[in-house]
Each structure stands twice: as structure tokens, then as C-alpha cells.
Amino acid sequence: ERTREEWQHLDRQHHLHPFTDFKELAGKGSRIISRAEGAYVWDVDGHQILDGMAGLWCVNVGYGRKEIADAVYTQMQQLPYYNNFFQTAHPPAIELARQLTELAPRFKQVFFTGSGSEANDTVLRMIWRYWQLQDQPQRRVVISRKNAYHGSTLGGASLGGFGVVHEQMGTLIPDIVHINQPYWYGEGQDMSPEEFGLLRARELRDTIEEIGADKVAAFIGEPIQGAGGVIIPPATYWPEIQKICDEYGILLVTDEVICGFGRTGEWFGADYFGVKPDLMPVAKGITSGYIPLGGVMVSERVSDVLMGDAGEFYHGFTYSGHPVACAAALANLAILRQEHLVTRIRDDIGPYLQQQLRTLQAHPLVGEVRGLGLFGAIELVADKASHRRFDSKQGVGMRCREHCFQNGLIMRAVSDTMIIAPPFILSHAQVDELVSKAWKCLDLTARSIAG
Ligand code: PLP
């Protein structure tokens with residue numbers, strides 16, 4: 001066993017971290033997490049930390065679930081790997097596809113991938129293949145949104161709307177256009193949320209008209225933008241998007257990588273907002289993050305065209321439908337069902353978390369608290385009345401994240417918005433713990449800005 005310092009040294013030497021400011025990391029070294037149970041993780045020094053982010057929006061059934069570990073172990077012994085390419089298939093992939101289409105009955109089939117990013121690359125290729133087979137190959141443009149996150153492969157990053165990603169890497173895949181997000185607190189203050197939702201949704205129509213309706217293939221959006229800062233759209237937004245997609249016959253894609261498998265209190269974000277997507281990328285919560293797995297749920301509209309007389313769809317991954325990952329997913333779905341974790345979010349722990357989280361609104365640093373189900377966001381501002389933000393150089397969100405870590409709580413900072421997405425098994429007492437630690441860390445953050 002190595003000491004913390006040894007791990008940190010080796011980490012600095014050899015481990016290139018994703019999405020990490022290396023300058024900042026170099027100053028202090030990584031926090032080395034070595035075990036986890038339920039809603040908590042522990043670092044190598046033995047500090048217990050409440051995981052308000054369920055890993056990275058994924059460990060929904062909590063850590064240490066023996067049922068998933070056992071299913072993985074059994075599957076590894078029986079059939080650790082086989083592909084689905086050679087007109088072959090195996091029971092875990094078939095059964096998982098069946099169960100997924102049962103959970104979301106408007107979907108006929110599932111195409112498996114290794115991650116959410118691969119799922120979104122698959123979505124792009126399915127969209128383009130679909131319109132080619134419909135004799136409309138000129139329909140290439142996919143409309144996405146600013147501040148969206150759809151992954152880090154070329155397709156996922158191109159669909160994504162983070163300005164810095166596009167700035168760092170130049171022009172990515174062409175034929176992808178970004179419209180504004182339905183971010184009412186930050187961008188819609190002079191009108192009601194309902195009016196603002198309609199305004200932002202109608203940008204889709206204006207953009208289709210500008211590009212030419214015969215060139216537009218699809219619209220993609222996360223039901224709730226996660227990594228962009230937990231942007232909860234006004235109630236008017238998604239119904240209007242659905243209406244416009246129907247009117248122009250373009251494909252509607254809801255990226256369910258975060259919302260999928262219960263976080264809103266419904267099985268999928270599309271169910272929560274009452275929309276009917278044609279394609280639905282999923283990942284993360286499908287296995288509660290225990291083993292990497294993603295997929296695209298394919299509706300009859302798309303599946304009938306792709307599977308018709310078209311012949312082969314030239315696309316697939318070595319790990320498409322990996323049997324061990326599928327076994328983990330089946331055990332995970334069984335837990336979600338047996339413990340009624342999704343209805344628990346809708347009827348019990350979701351409303352309790354939302355109610356308790358709203359008490360943070362009284363803190364002088366807090367501009368808005370928003371959330372839904374087991375999503376939460378606490379937006380920190382320099383001036384509550386005008387919603388004026390802090391100078392980004394002050395790094396207020398990162399300071400708050402650091403205070404949280406030091407005081408036994410993980411919250412993510414998306415610039416100055418603190419994000420939570422805790423595991424579904426969170427108890428009422430753990431909600432109280434989360435909120436009281438958050439208040440304390442907001443105090444410490446306020447003091448560190450003042451001092
Ligand atoms: N789509 C959304 C909405 C996500 O939040 C993410 C990851 O956070 C992805 C796609 C990419 O998934 P992955 O990191 O598994 O490739």
C-alpha cells in the first residue's frame with residue numbers, strides 16, 4: 001500500500017486527467033478516493049465524504065451493491081465477452097434490449113455502445129443514414145443548443161455547445177448548428193418563464209426557416225441540461241419543441257445520458273416533459289456506473305427505415321452490448337424496480353430534497369436555487385437583486401467546491417453554479433446533512449471572498 005503522497009506523486013507524473021485545470025491541480029495534488037459505500041466515498045486518509053454528485057451523475061443505486069458485483073462475477077465466468085457482429089447475439093444483450101423497450105415502449109430496438117459519447121456519435125450516423133434512405137440526403141443539419149453537453153468524441157463534442165471546447169479545438173464536424181438554451185434565470189429575466197420558454201423554443205423554427213427546412217435533419221437536447229448547470233426548462237419549452245419538430249418532420253432526439261433511469265422521478269426525461277423522441281441516447285445510470293455501457297433507443301419510425309430493405313448499417317463497436325456490462329445493467333434495473341427508487345424520487349425523497357435545498361435561497365451568496373427530482377443547482381452571485389455575477393477570476397465556484405470537499409461534501413462547480421445530483425438511495429437524514437454542510441460551505445466561501 002502506498003501513502004497519499006506517493007499516490008499523488010505518481011498521479012502527477014503519469015496520469016493525464018480529463019476536464020482538469022492542470023495548473024490548479026499541480027498546486028495541491030489530487031484527492032485520492034479509495035473506497036465507497038452507499039452515498040459516501042472515503043479518501044486514502046479516511047475522510048468520509050457525502051457524494052452529492054453520485055460519482056459523475058451515475059451511481060444512482062449507490063455504492064457497494066453486491067447484487068451488481070455478483071451479476072458481473074457470474075457473467076464473467078459464463079461468457080466474459082462475445083460480439084454481436086457475426087449474426088450472433090447473447091442472452092444478456094437480448095434481455096437488456098427487451099427490458100429497455102418495455103420501460104420505454106415507444107422504442108422498438110436498442111443499439112448498444114460503450115458510453116454516452118459513443119451513443120451520440122451513433123445518433124448522428126443514424127440520423128444521416130435515415131435521411132439518406134428516405135431519399136433526402138441533403139437533410140444534414142442537426143440543431144443543438146449552446147451550453148449543451150453531449151460527450152467528448154468528435155460527434156459528441158460537435159453536438160455540444162460549450163464555447164471553450166469549440167475554441168480549443170477549432171471547427172469540429174460541419175452541419176451542426178447551436179441555438180440558445182432555455183436558461184431563464186441567466187438570460188430571461190425581463191419576461192415570465194413561460195414566455196421565455198416559448199421564445200427560446202421558437203428559435204428552433206426561425207433557425208429551420210433560415211437554413212431551409214429541406215436541409216434540416218434533427219434537433220437534439222438534454223431534457224434538463226446537466227453539465228451546462230442544471231438548466232430546468234420552463235414548462236412551455238419542450239411541448240413547443242415537439243410541435244415544431246412535428247411540423248417540419250425533423251427527428252427529435254432527447255439525450256437521456258443523465259436524465260434517463262429515474263433522476264427526474266420518471267424513467268426518462270422525455271416522459272417527465274411529455275415529449276416523444278425518435279432517438280434516445282442513454283448511458284451512465286443504465287449500470288449506475290458500475291461498468292461502462294451506453295446505447296441508443298430507436299423508435300419504430302427510425303428502426304423500420306434502418307432495418308427495412310436497406311442492408312447493412314456500417315457502424316458498431318467491439319464492446320457494443322458487452323455481456324458483462326449488460327449483466328450489470330440488468331442487476332441495476334432489478335434494484336431500481338424492486339426498491340421503487342424512481343417513484344421514491346417522484347413522491348418522497350425528490351420533493352424533500354427540493355424543499356430543503358430551497359432553504360439555501362436565504363444565504364447572501366445565493367441568487368437562485370433550482371432543481372427537480374434529484375437534480376439541484378445553487379447559483380452564486382455577487383448581487384442578488386441584479387443577478388450580477390462574480391468576476392470569473394475570483395473562482396468563487398471552485399473555492400466553494402474546495403470548502404465542500406474539506407467539509408465532507410462533494411458538489412460540482414459549473415463556473416459559479418454549484419451542482420448536485422445525489423444517489424437515489426439518499427436518506428432524509430442525508431438530505432439534511434447535505435443541506436447543512438452546503439450552508440456551512442457557502443459561509444466559508446463568503447468569508448474567503450471577503451477576506
Ligand atoms: N450526454 C450527456 C447529457 C452527458 O451528460 C454526458 C456525460 O456527462 C454524455 C452525453 C457523454 O457520456 P460519456 O461521458 O459516457 O461519454
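Details
- Of the helices (runs of 4 or more DSSP H) entirely within the range 85-175, those holding at least 3 residues that are in the same structural domain as ALA218 (by TED's automatic domain parsing) and more than 19 Å from LEU279 (Cα to Cα) occupy 91-103, 163-169.
- Selection from the range 112-135 of residues that are more than 15 Å from the ligand (Cβ to nearest atom) and among the aromatic types (Phe, Trp, Tyr): TRP128, TYR130, TRP131
- You will find that of ALA218, ALA201, the residue that is in a strand (DSSP E or B), touching a helix residue (DSSP H, G or I) at 6+ places or on another chain (Cβ under 6 Å) and either assigned by TED's automatic domain parsing to the domain that holds PRO137 or within 13 Å of the ligand (Cβ to nearest atom) (or both) is ALA218 and no other.
- Condition broken by PRO292, with the remaining ones in (1) within 16 Å of the ligand (Cβ to nearest atom); (2) surrounded by fewer than 20 Cβ atoms within 10 Å (Cβ to Cβ); (3) in a helix (DSSP H, G or I) satisfied: (3)
- Selection of first residues in the range 21-33 that are within 26 Å of ALA54 (Cβ to Cβ) and of second residues that are β-branched (Val, Ile, Thr) and surrounded by 15 or more Cβ atoms within 10 Å (Cβ to Cβ), restricted to Cβ pairs under 9 Å at least 6 apart or on distinct chains, gives the following pairs, ordered by first then second residue: ARG31/VAL44; ARG31/ILE49; ILE32/VAL44; ILE33/VAL41; ILE33/VAL44; ILE33/ILE49.
- Residue list for the range 56-73, filter: within 16 Å of the ligand (Cβ to nearest atom) and either over 19 Å from the mean Cα position of the chain (by Cα) or assigned to a helix (DSSP H, G or I) (or both): LEU56, TRP57
The values are calculated or read from the model by the stated rules, or taken from the named source; none is laboratory data. Everything numeric here is computed off the predicted structure, so don't read it as measured data. A quick note on method: Cβ atoms are made from the backbone with ideal geometry, for glycine too, and the neighbour counts reach across all protein chains shown.
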